[in-house]
Amino acid sequence: NDAGNEKSGEDGSSPTKRRKRGPPTGIPFATMAQRIAAKWKTLDDDAKSSFVSKAAVDRGRYEREMVVWKSSDDFRKYEEERKRNAKNRATKSTKLKAGGPSSALGGGIAGIDKLMPVPLPESLPQAKLTSPAGMV
């Protein structure tokens with residue numbers, strides 16, 4: 001794929017727009033995962049053995065590829081960028097804590113009157129909090 005949201009046609013002639021993903025269909029992912037887990041638990045060891053051996057082979061492939069990836073220049077660039085982003089996030093977080101959004105209100109919700117175009121009346125009706133039936 002040369003462009004972010006375009007790909008070549010089947011014959012390679014002209015790029016076509018990728019289809020947007022529609023609304024999800026079928027069952028939710030969590031439900032599907034629960035069903036798969038339940039089926040896995042019911043399998044006997046003989047039925048599981050082929051999956052376990054395939055997973056072991058794939059794990060070995062993954063570990064070999066990670067050794068190659070971690071020794072590449074691309075990985076070093078990735079790590080530098082990740083560390084730079086983490087440092088920037090930490091700096092932003094510190095700034096928010098020190099003088100964050102609440103300082104724009106004069107120190108929290110108590111300063112909201114500074115943002116209100118009209119002064120608040122002295123007595124506002126108090127909201128009555130109730131709990132759902134049966135809750136204490």
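The values are calculated or read from the model by the stated rules, or taken from the named source; none is laboratory data. Since the model is a prediction, treat every value here as computed from it, not as a measurement. Just so you know, the surface numbers come from the protein's heavy atoms only, side chains and all, with ligands and any DNA or RNA stripped out. Shrake-Rupley method; radii C 1.70, N 1.55, O 1.52, S 1.80 Å.
Of all residues assigned to the range 75-97, none qualifies as being open to solvent by less than 100 Å² (accessible area, probe 1.4 Å), at pLDDT 60 or above and in a loop (DSSP other than H, G, I, E, B).
Does the range 12-27 contain any residue that is open to solvent by less than 100 Å² (accessible area, probe 1.4 Å), of a type in the set (A, V, I, L, M, F, W, C) and at pLDDT 90 or above?
no
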